[in-house]
Amino acid sequence: MKFFYMLILFVLLTNCSTAYKEPVVLMDQAYLNCETLHSEFIDVFECIQSDEITKNLKTDEVDLLFLKGEQLKEQINQGKLSSIDAKFEWKKLIFDIKQQLSESRYRRMYESICRVNYRGHCVRW
């Protein structure tokens, strides 16, 4: 019986700890879902804009992605950019934002574990 309770506790804690997703990850998921439905970037971007989940996201990263999407859409309409190039630019921006968030999370974790001395070495608190 104890094993059963421990198992339930483990499942609940695991679900609670993995429930939150970064807004950029949600945008990337919306992009992938819309890309399965549409082939052109303009259609994919309009699908992302109409997605209920992405409408409620209010962060600087999401705003940057929407502005970049508008910029890419305008360049496609002017004939300066192809749909494939726009998809590449969009995915590259998402990758760069994810990378930057990951690095800042690692830096915060590292700084919480130790303090850095004048030589740049970790000294335990």
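Between the alpha-carbon centres of the stretch 45-102 and the stretch 20-41 there is a gap of 10 Å. Note on C34: accessible area is roughly 0 Å² with a 1.4 Å probe, heavy atoms of protein only.
Mind listing which trypsin sites (Lys or Arg not before Pro) in the stretch 62-120 are in a DSSP loop and have 13 or fewer other Cβ atoms within 10 Å? Please list the in-between numbers first.
Details: sites: K68, K73, K80, K87, K91, K92, K98, R105, R107, R108, R115, R119; in loops: K80, R119.
When the trypsin sites (Lys or Arg not before Pro) of the stretch 62-120 are filtered for loop state and at most 13 Cβ neighbours within 10 Å, K80, R119 remain.
Taking the Cα centre of the stretch 21-111 as reference, the dipole from Cβ charges on Lys and Arg (+1) and Asp and Glu (-1) amounts to some 280 debye. In the context of the full set of protein chains, the stretch 21-111 has a per residue accessible area of 63 Å² (1.4 Å probe).
Near N77: Cβ cut-off under 12 Å, other residues only, Lys/Arg at +1 and Asp/Glu at -1. The net charge is -1. The slack in the chain from N33 to F88, taken as 0.36 nm per residue of separation less the alpha-carbon distance, amounts to 18.2 nm. Applying both filters, DSSP loop and at most 16 other Cβ atoms within 10 Å, to the chymotrypsin sites (Phe, Trp or Tyr not before Pro) of the stretch 18-118 gives Y20, Y118. Here T36 sits with roughly 110 square angstrom of accessible surface, probe radius 1.4 Å.
The values are calculated or read from the model by the stated rules, or taken from the named source; none is laboratory data. Keep in mind it's a predicted model, so treat the numbers as computed, not measured. With ideal geometry, Cβ positions are generated from the backbone for all residues, glycine too; neighbour counts draw on all protein chains shown. The protein model used for the area step is the full one, side chains on, heavy atoms only, and it has no ligands, DNA or RNA in it. Shrake-Rupley method; radii C 1.70, N 1.55, O 1.52, S 1.80 Å.
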